[in-house]
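So the structure is just underneath, and the comments pick up after that.
The values are calculated or read from the model by the stated rules, or taken from the named source; none is laboratory data. None of these values were measured; they are calculated from a predicted model. Cβ: placed from backbone, ideal geometry, glycine included. Neighbour counts: every protein chain shown.
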Amino acid sequence: MQTQFFPSRTMAIYVARTFLVRSLAVLAALVIVLQALDLLGESEKILAAAGNDNADLWRYVSMRTPQIIQRFLPFSVLLGTLITMVTLNQNSEVISMKAAGLSAHQVLAPLILASLGVAALAFAFNDRIVTRATATLNRWQKVDYAKIPMDSRVQSDIWVRSGNDLINAGSVEGRGARTRLSDVVIYRRTNGELQDVIRADTAQPEAGGWRMTDVTRFDVQRGIKEKLGSVRLAQGVGPDRFTLADVDPDGLSFLRLWRAIDDLEAAGRPTQSLKSSLWHKISGPLSTLLMPLLAAVAAFGVARSGRLFVRTVAGMALGFAYFVADNFGLAMGGLGIYPPLLAAWGPFFLFLMIGEFVLIKTEE
């Protein structure tokens, strides 16, 4: 019986390389097919916007592809693990490893270590690339793919209510005292009836209100439009009303979402669903660690017994069951039914125990 976790460096590199190559091949195939299908559905909408051309199609692909990679990376790792395990089993390589004294955990150790590296890369990729692409794409889709500044740090089309009045900001940039609004429209109402429509080019916080420039007011009752220049309006409406009005967890990095949650809590607003998404930014990439355990059922057992196909289907079923449970937990966390930590980490630890149990029973 071998006592080292990696008894053979050559074998560990061989198994890990085989696993990574197959997983990346599956991911590449999925991304190409799914991106092509997605582009077919969206190309007509993109080209329908005034001024858009083929370059905008490629811009859409550059922002949509990271989302597809993020979503289907765990699926690719699951399928890559299954293909690797089935191949090793059919070629009697697993039997050779076990005959050399390796346990089931030692056979899977290279895959688990490689999966940990994939999880680390996935977290960095999601945090630095996917969030920015998602935020920018969401802004672009809000205006039906019209021309907008491609800056993920700028929020667009934010609505805020102040008493009976409605305030719309075409774009919002910055935080706190550095918040800047553009294309501001204030709908002033009395007893549900529209009285004035006030428009301003820009606005910035000043003395509990907003200093607005190039202000015009349209009196609805008299039908008169007048220029007001630079005035202070929207007293009592803080900058956080705009910067925190539309917090999209998918469009924020881990640290930016953490800060947004702190700001929301300081303002006395609910944050349960956002906390679930925050912790899922870690548990999501770590799901790749589970795939070797859940797919290991296809590795052990005699291939000529005729049950290899059944074992492969069982491994795939366990993997897809995890994804269903993970999405269900995240949905329950978003509704506030599950606590954030349970919503994000419950499915992970549940299927970690299931994988260990299946692995031990399979080895016996």
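Is there a residue in the range 103-110 that is outside any helix (DSSP H, G or I) and either within 26 Å of L252 (Cα to Cα) or of a type in the set (D, E, K, R) (or both)? No, there is no match, as no residue in the range 103-110 is outside any helix (DSSP H, G or I) and either within 26 Å of L252 (Cα to Cα) or of a type in the set (D, E, K, R) (or both). The sole residue among S43, S62 that is surrounded by fewer than 18 Cβ atoms within 10 Å (Cβ to Cβ), assigned to a helix (DSSP H, G or I) and touching a helix residue (DSSP H, G or I) at 6+ places or on another chain (Cβ under 7 Å) is S43.
Looking at this structure, is M11 touching a residue at least 12 places away in the same chain (Cβ under 8 Å) and more than 27 Å from S283 (Cα to Cα)? Yes, satisfied. Read through the list (1) buried (at least 21 other Cβ atoms within 10 Å of the Cβ); (2) charged (D, E, K, R); (3) at pLDDT below 80, then give the number of the only condition that D246 fails. Going through (1) buried (at least 21 other Cβ atoms within 10 Å of the Cβ); (2) charged (D, E, K, R); (3) at pLDDT below 80 one by one, D246 breaks only (1). Residue check: is S162 more than 20 Å from G284 (Cβ to Cβ) and not assigned by TED's automatic domain parsing to the domain that holds A36? Spelling it out, S162 is indeed more than 20 Å from G284 (Cβ to Cβ) and not assigned by TED's automatic domain parsing to the domain that holds A36.
Residue selection: G355 fails the criterion of being at pLDDT 90 or above and among the small types (G, A, S). Against the list (1) over 30 Å from L289 (Cα atoms); (2) modelled with pLDDT of 80 or more; (3) of a type in the set (G, A, S), the condition S156 fails is (2).
Does Y187 meet the test of being part of a strand (DSSP E or B) and either modelled with pLDDT under 85 or among the hydroxyl-bearing types (S, T, Y) (or both)? Break it down into steps so the answer makes sense when it comes.
On the way: part of a strand (DSSP E or B): yes; either modelled with pLDDT under 85 or among the hydroxyl-bearing types (S, T, Y) (or both): yes.
Yes, satisfied.
When the range 251-274 is filtered for residues that are over 27 Å from S76 (Cα atoms) and either charged (D, E, K, R) or not in a helix (DSSP H, G or I) (or both), the ones remaining, listed by number, are R256, R259, D262, D263, E265, A267, G268, R269, P270, T271.
Conditions (1) assigned by TED's automatic domain parsing to the domain that holds K281; (2) charged (D, E, K, R); (3) out of contact with any Lys or Arg (no Cβ under 7 Å at 6 or more places or on another chain), marked per residue:
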| position | (1), (2), (3) |
| --- | --- |
| R22 | yes, yes, yes |
| A50 | yes, no, yes |
| L57 | yes, no, yes |
| T65 | yes, no, yes |
| R71 | yes, yes, yes |
| G80 | yes, no, no |
| M97 | yes, no, yes |
| A100 | yes, no, yes |
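Restricting Y322, Y338 to those that are of a type in the set (F, W, Y) and part of a helix (DSSP H, G or I) reduces the list to Y322.
Report whether or not N52 is polar (S, T, N, Q) and part of a helix (DSSP H, G or I). Give the derivation first.
Details: polar (S, T, N, Q): yes; part of a helix (DSSP H, G or I): no.
So N52 fails the test.
Find all pairs meeting these conditions: Cβ atoms under 7 angstrom apart; at least six residues apart or on different chains; first residue within the range 129-140 and in the same structural domain as Q67 (by TED's automatic domain parsing); second residue basic (K, R) and part of a helix (DSSP H, G or I). Going by the 7 Å Cβ cut-off, the qualifying pairs are L137/R64.
Filtering the range 194-246 to residues that are of a type outside the set (A, V, I, L, M), over 38 Å from the mean Cα position of the chain (by Cα) and within 18 Å of D183 (Cα to Cα) leaves D196, D214, T216, R217, F218, K225, E226, K227, G229, S230, R232. Select, from L278, L257, the only residue that is assigned by TED's automatic domain parsing to the domain that holds A124, modelled with pLDDT of 85 or more and surrounded by 17 or more Cβ atoms within 10 Å (Cβ to Cβ). Going through L278, L257 in turn, the sole match is L278. For the range 197-231, the set of residues classified as within 16 Å of L166 (Cα to Cα) and among the basic types (K, R) consists of R199, R217, listed by residue number. Residues in the range 116-136 that are crowded, with 22+ Cβ neighbours inside 10 Å and either out of contact with any Pro (no Cβ under 6 Å at 6 or more places or on another chain) or more than 27 Å from L20 (Cα to Cα) (or both): V118, N126, T131, T134, A135.
Let's see how each residue does on (1) touching a Ser or Thr at 6+ places or on another chain (Cβ under 8 Å); (2) of a type in the set (A, V, I, L, M, F, W, C):
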| position | (1), (2) |
| --- | --- |
| T10 | no, no |
| V15 | yes, yes |
| T18 | yes, no |
| D38 | no, no |
| K45 | no, no |
| P74 | yes, no |
| S96 | no, no |
